[in-house]
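These notes concern the structure reproduced below.
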Amino acid sequence: MIHSLFPTPIIEINTPENLKDTFSNMFKDALDDHFQDTTNSTISKQTLSNLHHDKRLYKFFVWLDMKIREGIKELGYSVDVIEFRDCWANKMLKNEYVNSHNHSNSWLSGVYYPFEIEDISSGITFFDPRPANTTMIFPGAGSKGDFTAQDKTFEPKQGTIYVFPSWLWHSVRPVIKDERISVSFNIVPGGGL
Ligand SMILES: [Fe+2]
């Protein structure tokens, strides 16, 4: 028997077919009003962190709120209310990327891919969060077993959402084709801490 101790949860939510285009169109309509040039050398355009206040996206956030609370319950929390603290979109052009980072002042973070994905490099890579594990001997670079991987890349499809602990380090590989748009968010338990 092998026990799995201290696992890191990644909640994957897939937008159902009947809502995928509806949500995609909502973002298509709204995002152009929000994107602005960044001073960040690895991302061309970003929105402010207030997308969750855009009334045109209301239906999406109501649905997302419900799906995240379902996932949180499965993890064993009894949190009935969550609060979107930040939500912003990134538009990255060819060769742009996001370095490894985590999200401060938050509980859970997530990323949503509203549009069709043609770029095979769109995956998000998560890194082993256990500092003590750097002393471990691994079978070899590239090992992808649950107990032997030092990082893991998830390949999203249109409508995929990943929700993960905000402290978890993650990065995004350089864009190979044209452009890539993703929507990120931070949430905290409702009612404050
Ligand atoms: Fe991030």
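The values are calculated or read from the model by the stated rules, or taken from the named source; none is laboratory data. Just so it is clear, the structure is predicted and the values come from calculations on it, not from any experiment. Every residue, glycine as well, gets a Cβ built from its backbone with ideal geometry; the counts of neighbours run over all protein chains shown.
Within region 79-98, is even one residue surrounded by fewer than 17 Cβ atoms within 10 Å (Cβ to Cβ) and in a helix (DSSP H, G or I)? Steps first, answer last, please.
Going residue by residue through region 79-98, those that are surrounded by fewer than 17 Cβ atoms within 10 Å (Cβ to Cβ) are 80-81, 83, 93-95, 97.
Filter again for in a helix (DSSP H, G or I), leaving none.
Within region 79-98 (the criterion being surrounded by fewer than 17 Cβ atoms within 10 Å (Cβ to Cβ) and in a helix (DSSP H, G or I)), the answer is no, since none of the residues qualifies.
What are the pairs with Cβ atoms under 7 angstrom where one residue, in region 156-171, is under 12 Å from Phe126 (Cβ atoms) and of a type in the set (Phe, Trp, Tyr) and the other, located anywhere, is more than 9 Å from the ligand (Cβ to nearest atom) and assigned to a loop (DSSP other than H, G, I, E, B)? Sequence gap at least six, or different chains.
Tyr162/Ile10; Phe164/Ile10; Trp167/Pro129; Trp169/Pro129
Please state which of the following conditions Ser49 fails to meet, knowing it meets all the rest: (1) more than 16 Å from the ligand (Cβ to nearest atom); (2) of a type outside the set (Phe, Trp, Tyr); (3) touching a residue at least 24 places away in the same chain (Cβ under 8 Å).
Of (1) more than 16 Å from the ligand (Cβ to nearest atom); (2) of a type outside the set (Phe, Trp, Tyr); (3) touching a residue at least 24 places away in the same chain (Cβ under 8 Å), only one is false for Ser49: (1).
Return yes or no: is Arg56 of a type in the set (D, E, K, R), surrounded by fewer than 16 Cβ atoms within 10 Å (Cβ to Cβ), more than 16 Å from the ligand (Cβ to nearest atom) and part of a helix (DSSP H, G or I)?
yes
Out of contact with any Lys or Arg (no Cβ under 7 Å at 6 or more places or on another chain), of a type in the set (Asp, Glu), modelled with pLDDT under 95 and surrounded by fewer than 18 Cβ atoms within 10 Å (Cβ to Cβ): is that true of Asp32 in this structure?
yes
Can you name the residue in region 165-182 that is within 16 Å of the ligand (Cβ to nearest atom) and not in a loop (DSSP other than H, G, I, E, B) and is also farthest from the chain's Cα centre (by Cα) among such residues? Spell out the reasoning first.
So the first thing to find is which residues in region 165-182 are within 16 Å of the ligand (Cβ to nearest atom), and the list is 165-175, 180-182.
Now drop any that are not not in a loop (DSSP other than H, G, I, E, B), which leaves 165, 170-172, 180-182.
Details: Pro165: 10, His170: 9, Ser171: 10, Val172: 10, Arg180: 14, Ile181: 12, Ser182: 8 Å.
It comes out as Arg180.
Taking the options Ile43, Ile72, name whichever one is under 18 Å from the mean Cα position of the chain (by Cα) and at pLDDT 95 or above. Write out each step before concluding.
On the way: Ile43 fails: at pLDDT 95 or above.
Answer to the check: Ile72.
Considering each residue of region 150-164, count those that are within 16 Å of the ligand (Cβ to nearest atom) and crowded, with 18+ Cβ neighbours inside 10 Å, and give that number. It would help to see each step written out before you state the result.
Restricting attention to region 150-164, the residues satisfying the condition of being within 16 Å of the ligand (Cβ to nearest atom) are 151-154, 156, 160-164.
With crowded, with 18+ Cβ neighbours inside 10 Å added as a condition, the list becomes 156, 160-164.
Adding up the residues that qualify gives 6.
Given the criterion surrounded by fewer than 13 Cβ atoms within 10 Å (Cβ to Cβ) and over 12 Å from the mean Cα position of the chain (by Cα), identify the matching residue among Pro129, Pro139. Give the steps one after another, and end with the answer.
Details: Pro129 fails: surrounded by fewer than 13 Cβ atoms within 10 Å (Cβ to Cβ).
Just a single option satisfies the conditions, and that option is Pro139.
Would you pick out the residues in region 140-164 that are among the hydrophobic types (A, V, I, L, M, F, W, C) and assigned to a strand (DSSP E or B)?
First, the residues of region 140-164 that are among the hydrophobic types (A, V, I, L, M, F, W, C): 141, 147, 149, 154, 161, 163-164.
Residues satisfying the conditions are Phe154, Ile161, Val163, Phe164.
When the residues of region 69-124 are narrowed to those that are at positive phi and touching a residue at least 40 places away in the same chain (Cβ under 8 Å), which ends up nearest to the ligand (Cβ to nearest atom)? Break it down into steps so the answer makes sense when it comes.
Pass one, region 69-124, residues at positive phi: 76, 95, 105.
With touching a residue at least 40 places away in the same chain (Cβ under 8 Å) added as a condition, the list becomes 95, 105.
On the way: Asn95: 19, Asn105: 13 Å.
In this case the residue turns out to be Asn105.
Keeping to region 13-29, report how many residues are under 30 Å from Gln150 (Cα atoms) and loosely packed, with under 14 Cβ neighbours inside 10 Å. Show your work before the answer.
Taking region 13-29 first, the residues under 30 Å from Gln150 (Cα atoms) are 13-15.
So of that shortlist, the ones also loosely packed, with under 14 Cβ neighbours inside 10 Å come out as 14.
Number of matching residues: 1.
What are the pairs, 6+ residues apart or on separate chains, where a residue within region 14-26 that is within 13 Å of Lys157 (Cβ to Cβ) and in a helix (DSSP H, G or I) has its Cβ under 9 Å from a residue that is of a type in the set (Gly, Ala, Ser) and at pLDDT 95 or above?
Qualifying pairs under 9 Å: Glu17/Gly159; Lys20/Gly159; Ser24/Gly159.
Just to be sure, is Phe147 at pLDDT 95 or above and either more than 13 Å from the ligand (Cβ to nearest atom) or surrounded by 14 or more Cβ atoms within 10 Å (Cβ to Cβ) (or both)? If you could, list the steps in order and put the result at the bottom.
Details: at pLDDT 95 or above: no; either more than 13 Å from the ligand (Cβ to nearest atom) or surrounded by 14 or more Cβ atoms within 10 Å (Cβ to Cβ) (or both): yes.
Spelling it out, it is not the case that Phe147 is at pLDDT 95 or above and either more than 13 Å from the ligand (Cβ to nearest atom) or surrounded by 14 or more Cβ atoms within 10 Å (Cβ to Cβ) (or both).
Residue under question is Leu5, and the condition is that it be of a type outside the set (S, T, N, Q) and over 25 Å from Gln150 (Cβ atoms); does it hold?
Numbers: of a type outside the set (S, T, N, Q): yes; over 25 Å from Gln150 (Cβ atoms): no.
When the stated conditions are applied, Leu5 does not pass them.
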